[in-house]
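A short write-up of the structure that comes next.
No value in this document is a laboratory result; all are computed from the given coordinates. Just so we're clear, the structure is a prediction, and the values are computed from it rather than from any experiment. Neighbour counts are summed over all protein chains in view; Cβ atoms, including those assigned to glycine, are modelled from backbone coordinates with ideal geometry.
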Amino acid sequence: MSIQCRDCLAGLEHCHGTVIHHVRYRAECTDDGCTTPESVHTFSIDCESAGCPCGRDIAVAI
């Protein structure tokens, strides 16, 4: 058993950050300087969970 990340040990492209999916803006990663695609992130959340108001702005307009 190892405490290292399986993807790191296997040499796979991945990111340890979390993707935040915005309603109005492009997705962003919590890891500064991340250049990996969204699909290789293990964790993702919606922007409202992160405290971003962009989703609420759309709901008010409807």
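Would any residue of region 11-29 have its amide N under 18 Å from a label point 7 Å out along Cα→Cβ of ILE45? List them or say none.
15-29
Just to confirm a number: summing +1 for Lys and Arg and -1 for Asp and Glu over residues other than HIS14 whose beta-carbon lies under 11 angstrom from that of HIS14, what do you get?
Summing Lys/Arg as +1 and Asp/Glu as -1 gives -2.
Taking the beta-carbon count within 10 Å as an exposure proxy, list ILE20, ILE3, ILE45 from fewest neighbours to most.
ILE3, ILE45, ILE20
Could you tell me which label, among (i) 101; (ii) 120; (iii) 71, carries the value of volume of the Cα convex hull per residue in Å³ calculated for this structure?
Among (i) 101; (ii) 120; (iii) 71, the one calculated here is (i).
Nearest 500 deg cm²/dmol is fine: what mean residue ellipticity at 222 nm does the chain get from its DSSP H runs of n ≥ 4 alone, each adding -39,500 (n - 2.57), divided by its residue count?
-5000 deg cm²/dmol
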